[in-house]
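Below is one structure, written out as structure tokens; the observations come after it.
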Amino acid sequence: MIVVRSRAWWRATLALCLGSLLVFLNLYVPQPLLPMMREAHGVSTLAASLAMSVSTLSLAAALLVFGPLSDAIGRAGIMRLTLMLAGLLSVALAFVPGFEMLLVLRAVQGFVLGGLPAVAIAWMGDEFDRPALLSAVGLYIGANTLGGIGGRVIGGAVAETGGISASFLTVGGLTLVGVAVFWRLLPPARRFEPRRFRLSEARAGLVGHLRNPVLLGAYLLGGLNFLIFINQYSYITFRLAQPPFELGERWLGLLFLTYLGGTLGSTLSGRLSRSNSQPACMAFGILLLMTGTALTLSGRLPLILAGLTINAFGFFLAHSMASSWVGRHAQQDRGSASALYLVFYYTGASLGGLWLEPFWWMAGWRGVVLASWLILAGTFAIAWWLHRGERRRSAVNEPARARGRSQDVELASASSPQISSSRSERPQADL
């Protein structure tokens, strides 16, 4: 197996991080362009936000297809082919004749973008030993964040001078160059063993996860939190493009640098979970998300940016805890349990516009904040319910642990007299 810090480890990790960056570069490039799309195509804010929603929804569906498919035909080919198709589709998006065709191509692109996230960690699990896997996954998730930031910053900066088409063309060209590097870097799979795909077994595993309330709570928490978090960014671009801010696409793209607060939140999540339960950390992250959302009501841009940074920190803290909670509590088929979490996660992102749009029309950004708090109050309740459930399970299991400790003490005390008696007998024999 590939060991940590070896030449093969560096090649594979760099390739998968590059692939991850390219996926999210393409996924999020339209987000700072939404106000420009609304004006260029004469559509509503809800329709413009579909450029993001249709791709995240189709990505969620792809996770359920590519994961099982990779078990049968291999993973490297899926990653290479889907990344190449994603780059070609970004180039094609630069030349679409109308908004309807743009949405169709974005839906197709979202589906092929699901290829690498669905199988990358499984590829690592096949080829890496445990220390190498743990080290690589942390870098891989960091690349997710950087790709999301890069797509938005590049998209906004290029669109301000060259328009929407130039943004898609630039990202498409960068992706195709990146795919060539990815193709070259990724080592050949050595330990992959194809398994026959059985639909009935896969379906039974998914149904079992959905019937587990501990897992379902985490699924709902992750999906609903992402519904609010990612779509707040979409609507804040509409707000900041209007008076009195009137920010251009370049500055709207730079707005997403506040995502770096999420990088910090996910990094610190492990430390926080050492002294607090995972659901308590989820609840704390949601409270931060509610607090940051309140700050965005300010009319001052620095406070709005501070609020978005706090939002990113709180969201990614809760997301890290929820996703690891799923891996910890899935009794079997952990791969499908984690994939199902991502399905809820991206489905939530795709449905956020349907929830927020009526509030936006009724009360503008204040309506978006109100709609956000309503959902976040529900996810906070889920986190607290998970916390209370974990405390109850700990209380039930504590007597068993106490009995185990007492048995250990009894065994130790039972052996102690024998030792002491043998020691006491020896002086008497000497006498």
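Looking for something part of a helix (DSSP H, G or I), over 18 Å from the mean Cα position of the chain (by Cα) and within 21 Å of LEU257 (Cβ to Cβ) - is there at least one such residue anywhere in segment 315-328?
Residues of segment 315-328 that are part of a helix (DSSP H, G or I), as a first pass: 315-328.
So of that shortlist, the ones also over 18 Å from the mean Cα position of the chain (by Cα) come out as none.
The answer is no; no qualifying residue exists.
Select from segment 55-76 the residues that are under 20 Å from ILE230 (Cβ atoms) and of a type in the set (A, V, I, L, M, F, W, C) and write down the one among them that is modelled with the lowest pLDDT. Talk me through it step by step, then tell me what you get.
First, pick out the residues of segment 55-76 that are under 20 Å from ILE230 (Cβ atoms): 55-63.
Among the residues that remain, those that are also of a type in the set (A, V, I, L, M, F, W, C) are: 57, 59-63.
Working: LEU57: 91, LEU59: 94, ALA60: 91, ALA61: 91, ALA62: 92, LEU63: 87.
This residue is LEU63.
Assigned to a helix (DSSP H, G or I) and touching a helix residue (DSSP H, G or I) at 6+ places or on another chain (Cβ under 9 Å): is that true of VAL179 in this structure? Yes, satisfied.
Just one residue in the set LEU260, LEU252, LEU240 is in a helix (DSSP H, G or I), within 17 Å of the chain's Cα centre (by Cα) and under 30 Å from SER167 (Cβ atoms); that residue is LEU260. Between THR161, THR145, THR175, THR170, the distinction of being over 26 Å from SER320 (Cβ atoms), of a type in the set (S, T, N, Q) and at pLDDT below 95 belongs to THR161 only.
In segment 191-201, is there at least one residue being surrounded by fewer than 22 Cβ atoms within 10 Å (Cβ to Cβ), touching a helix residue (DSSP H, G or I) at 6+ places or on another chain (Cβ under 8 Å) and assigned to a helix (DSSP H, G or I)? Looking through segment 191-201, none of the residues is surrounded by fewer than 22 Cβ atoms within 10 Å (Cβ to Cβ), touching a helix residue (DSSP H, G or I) at 6+ places or on another chain (Cβ under 8 Å) and assigned to a helix (DSSP H, G or I).
Could you list, in sequence order, all residues of segment 237-292 that are among the β-branched types (Val, Ile, Thr), crowded, with 24+ Cβ neighbours inside 10 Å and closer than 22 Å to LEU25 by Cβ? Even if it seems obvious, please write down each step before you answer.
Here is the first cut: in segment 237-292, the ones among the β-branched types (Val, Ile, Thr) are 237, 258, 263, 267, 286, 291.
Going one step further and asking which of them are crowded, with 24+ Cβ neighbours inside 10 Å, we end up with 237, 286.
Listed by number, the list holds a single entry, THR237.
Would you check if LEU247 is modelled with pLDDT of 90 or more and either part of a loop (DSSP other than H, G, I, E, B) or in the same structural domain as LEU386 (by TED's automatic domain parsing) (or both)? Judged against the criteria, LEU247 is a match. In segment 161-187, the residues that are under 23 Å from THR13 (Cα atoms) form Cβ pairs under 9 Å with partners that are charged (D, E, K, R) and assigned to a helix (DSSP H, G or I), at six or more places apart or across chains, as follows: VAL179/ARG80; PHE182/ARG80; TRP183/ARG80; LEU185/ARG11; LEU186/ARG11; LEU186/ARG80; PRO187/ARG11; PRO187/GLU127. Of the residues making up segment 362-380, those that are without any contact (Cβ under 8 Å) to a residue 60 or more places away in the chain, surrounded by fewer than 17 Cβ atoms within 10 Å (Cβ to Cβ) and over 26 Å from the mean Cα position of the chain (by Cα) are MET362, ALA363.
All of MET36, MET79, MET52 fail the test of being modelled with pLDDT of 90 or more, more than 19 Å from the chain's Cα centre (by Cα) and crowded, with 18+ Cβ neighbours inside 10 Å, apart from MET36.
Just to verify a result, which residue in segment 343-361, among those that are touching a Gly at 6+ places or on another chain (Cβ under 7 Å) and touching a residue at least 24 places away in the same chain (Cβ under 8 Å), is nearest to LEU227 (Cα to Cα)? Only one residue fits best here, namely GLY348.
The values are calculated or read from the model by the stated rules, or taken from the named source; none is laboratory data. Predicted, not measured: the structure shown is a model, and the values here were computed from it. Cβ coordinates were reconstructed from backbone atoms using ideal geometry, including for glycine residues, and neighbour counts include every protein chain displayed.
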